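The next block holds one structure in the form of structure tokens; read it before the comments.
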Amino acid sequence: MVEMDSASAVVILAAGQGTRMKSGRAKVLHEIAGRPMLGFPIAVAKSLAPERLLVVVGRDADQVCEQFAGQAEFIVQAQQRGTGHAVLQTQAALGDFSGAILILYGDTPLLTAETLERMVALRAEKSADLVLLTARLPLPGRIVRDASGRVERIVETTDATPEELELEEGNTGVYLMDADLVWQGLAQADDSNAQGEIYLTDIVSFAVREGKRVEALLLDDADEALGVNNRVELAQADRVWRARTARRLMESGVTIVDPENTYIDVDVEVGPDTRIDPGCVITSGTRIGSRVHVKPHCTIEASQLDDDVQIGPMAHLRPGSHLCAGVRVGNFVEVKNSTLGEGSKANHLTYLGDADVGSGVNIGCGVVTVNYDGEQKHRTVIEDGAFVGCNANLIAPVTVERDAYVAAGSTITQDVPEDGLGVARARQKNIEKWRQRRGLGKKK
């Protein structure tokens, strides 16, 4: 891994209004693969171990700062007047800082650490004053090169000539340069352009005029340059990150039968020899052990599955669920904020909410832990070796003690003692000739 110089800073620009998202919240808080968008450039910046990490925020600054508290220094750009103006807001905070500055964007979540490491390496190899990242995409800025192929300037599409608009190499806006060059270049920039903004791209022209060495690194994978400005691009970025996550897991020994139709958030951890079948949704905060089988169309939210668990098909683990080693949870079972001990099983059509289930417990079909009384949630305890028969309701708070039985069809409102049998149902009564008395006649 190539690291930036110890005297380095990363500035992430995240102050845009995000109007094309048509949303009531800041664009950079929209989630991609289970992580708020801004979390991606922050994570990739931290991978370079910079001395300073600053984020320029604007719209909904309080919410953004709260979401990422402790992860960066935040600077507010009260009035959005372009990328150059945004970077200028950090000058006072950086003070006499004289190292390298890397500029990233809060709405460009697909950049990889490997790409940024290549920028750092290129700067060192060429003794470059400025390295910019480019891509063969129709980006807002076009790279203009001189007759020798060296970068001459960047022209915004709103200011470009028809010939310049034909240029294929686009500016991603990601720059690595000396701090002195940043401030000197922005001091020369003005807002005499179609947008009336201070462009960060003006630094490139300034550097060329001053005889500085400017190098461009062309992206191998243009997807990394995707900027998210609307819901369509949000979905595109989501697909890319889910594909990366699936590849990471498969390369670590996980079988994902149909990666394109399996939805796994970016920070999910899965052990080797686990199999995940199609149609599953596994969200952020989930940890899955080894030799687990997640059968088709399961949803697992912020839960833990230990080794050798089987779940599904069509089961739902809600947040806070923990399935210990060897547990089996079958079709149409929902578990919420509950623990199932080693070797326990709930094979079908069951709801276990706010329950502490011991080891070796059998939960029959149609069992419900009735955890909510309309005002508060209560817990159900089912101790080791207990057997709960079909269609039983356990009205919490209640305990089924060790090796106890609950008869099928019972509604349990009192604790069931160890080795005991809880029965709570009306005695069956048969009414002879009931159909005849109702005048319904015989079925044909």
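The values are calculated or read from the model by the stated rules, or taken from the named source; none is laboratory data. Please read all numbers here as calculations on a predicted model, not as lab measurements. Reconstructed Cβ throughout: ideal geometry from the backbone, glycine too, with neighbour counts over all protein chains shown.
Observations on the model:
- Residues that are more than 14 Å from V400 (Cβ to Cβ) and among the acidic types (D, E) within segment 354-379 comprise D354, D373, E375, listed in sequence order.
- E152 being surrounded by 13 or more Cβ atoms within 10 Å (Cβ to Cβ) and over 26 Å from G16 (Cβ atoms): yes
- Segment 277-309, residues that are β-branched (V, I, T) and within 16 Å of V327 (Cα to Cα): I288, V292, V294, I300, V309
- Residue, modelled with the lowest pLDDT, within segment 148-190, restricted to residues that are farther than 26 Å from L226 by Cα and assigned to a loop (DSSP other than H, G, I, E, B): D190
- Segment 153-186, residues that are touching a helix residue (DSSP H, G or I) at 6+ places or on another chain (Cβ under 9 Å) and within 22 Å of Q79 (Cβ to Cβ): G173, V182, W183, G185, L186
- Hits in segment 386-404 (condition: assigned to a loop (DSSP other than H, G, I, E, B) and surrounded by fewer than 20 Cβ atoms within 10 Å (Cβ to Cβ)): C390, N391, P397, E401, R402, D403
- Subset of segment 20-46 that is more than 9 Å from the chain's Cα centre (by Cα) and of a type in the set (K, R) - its residue that is nearest to V240 (Cα to Cα): K27
- Residues in segment 339-387 that are closer than 24 Å to K295 by Cβ and among the hydroxyl-bearing types (S, T, Y) were compared, and the one that is farthest from the chain's Cα centre (by Cα) is S359.
- Enumeration of residues in segment 47-65 that are assigned to a helix (DSSP H, G or I) and over 17 Å from the mean Cα position of the chain (by Cα): A61, D62, Q63, C65
- Within segment 371-385, the residues that satisfy the criterion of being assigned to a strand (DSSP E or B) and under 22 Å from V327 (Cβ atoms) are T380, V381, I382.
- Of D273, D308, all but one fail to be out of contact with any Pro (no Cβ under 9 Å at 6 or more places or on another chain), at positive phi, assigned to a loop (DSSP other than H, G, I, E, B) and crowded, with 19+ Cβ neighbours inside 10 Å; the exception is D308.
- Test for P278: is it at pLDDT 95 or above, in contact with a Lys or Arg (Cβ under 8 Å, 6 or more places away or on another chain), surrounded by fewer than 20 Cβ atoms within 10 Å (Cβ to Cβ) and part of a loop (DSSP other than H, G, I, E, B): no
- Only one of the numbered conditions (1) in contact (Cβ under 8 Å) with a residue 40 or more places away in the chain; (2) touching a Leu at 6+ places or on another chain (Cβ under 7 Å); (3) closer than 19 Å to N230 by Cα is violated by F40, and that is (2).
- Only one of the listed residues (A124, A128, A135) is farther than 19 Å from R153 by Cα and either touching a Gly at 6+ places or on another chain (Cβ under 9 Å) or among the small types (G, A, S) (or both). That residue is A124.
- Members of segment 76-119 that are in contact with an Asp or Glu (Cβ under 9 Å, 6 or more places away or on another chain), aliphatic (A, V, I, L, M) and surrounded by fewer than 21 Cβ atoms within 10 Å (Cβ to Cβ): A93
- Residue selected from segment 242-291 under the condition of a type in the set (D, E, K, R) and within 20 Å of T112 (Cβ to Cβ), by the criterion nearest to the chain's Cα centre (by Cα): D265
- Selected residue (criterion: surrounded by the most Cβ atoms within 10 Å (Cβ to Cβ)) from residues of segment 222-270 that are in a strand (DSSP E or B) and touching a Lys or Arg at 6+ places or on another chain (Cβ under 7 Å): I264
- Scanning segment 113-144 for residues that are of a type in the set (D, E, K, R) and free of Cβ contacts under 8 Å to residues at least 24 places away in the same chain returns E114, E125.
- The residues on offer are A121, A69, A92, and the sole one that is assigned to a loop (DSSP other than H, G, I, E, B) and of a type in the set (A, V, I, L, M) is A69.
- Any chance V204 is surrounded by 15 or more Cβ atoms within 10 Å (Cβ to Cβ) and not basic (K, R): yes
- Members of segment 134-147 that are aliphatic (A, V, I, L, M) and assigned to a loop (DSSP other than H, G, I, E, B): L137, L139, A147
- Number of the condition not met by A407 [criteria: (1) crowded, with 17+ Cβ neighbours inside 10 Å; (2) closer than 17 Å to G341 by Cα; (3) not hydroxyl-bearing (S, T, Y)]: (2)
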